[in-house]
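Chemist: Could you have a look at this structure, given as structure tokens, before my questions?
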Amino acid sequence: RLLTTMASSVQSQIEKKLSEKLKPLHLEVINESFMHNVPKNSETHFKVIVVSEQFNDVKHIQRHRIVNEVLSEELDGPVHALSIKAKTPAQWEKSQKVDPSPSCRGGSKHDPHFNK
């Protein structure tokens, strides 16, 4: 099942790459840039919720490394922040609860890249 919110070019690329590499049973890519001190319509902050059999018997930190590796181009480019919720199918079946992202603490307002 693929869920999208506010489809966009960077978001679409993230969805495509994760779908191709991880064959997820569930994938959500959420653009959370609007929650941060960035220009309107930015694609800089994302939350990824991904459920894949490839995460079976893989430690939590390694799952994050896998996602980061798949999205290395985006993380080296337009994506400033990526929240990752990577679960096995069994974990997802047990609980589909995902905590909401915290409020922005204003870190990027001091980043000259975002204040042009």
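The values are calculated or read from the model by the stated rules, or taken from the named source; none is laboratory data. Everything numeric here is computed off the predicted structure, so don't read it as measured data. As a convention, Cβ positions derive from the backbone with ideal geometry for all residues, glycine included, and neighbour counts pool all protein chains shown.
Chemist: Within the stretch 28-60, track down each residue that is of a type in the set (Ser, Thr, Tyr) and over 10 Å from Ala81 (Cα atoms).
Modeler: Across the stretch 28-60, the qualifying residues are Ser42, Ser52.
Chemist: Oh, and also: Restricting to the stretch 1-48, what's the tally of residues that are aliphatic (A, V, I, L, M), out of contact with any Phe, Trp or Tyr (no Cβ under 9 Å at 6 or more places or on another chain) and at pLDDT 90 or above?
Modeler: Adding up the residues that qualify gives 3.
Chemist: I need the full set of residues from the stretch 50-90 which are surrounded by fewer than 19 Cβ atoms within 10 Å (Cβ to Cβ), within 14 Å of His26 (Cα to Cα) and in contact with a helix residue (DSSP H, G or I) (Cβ under 8 Å, 6 or more places away or on another chain), in order please.
Modeler: Matches in the stretch 50-90: Glu53, Gln54, Ile84, Thr88, Pro89.
Chemist: Restricting to the stretch 12-44, count the residues that are of a type in the set (Ser, Thr, Tyr) and surrounded by 17 or more Cβ atoms within 10 Å (Cβ to Cβ).
Modeler: Qualifying residue count for the region: 3.
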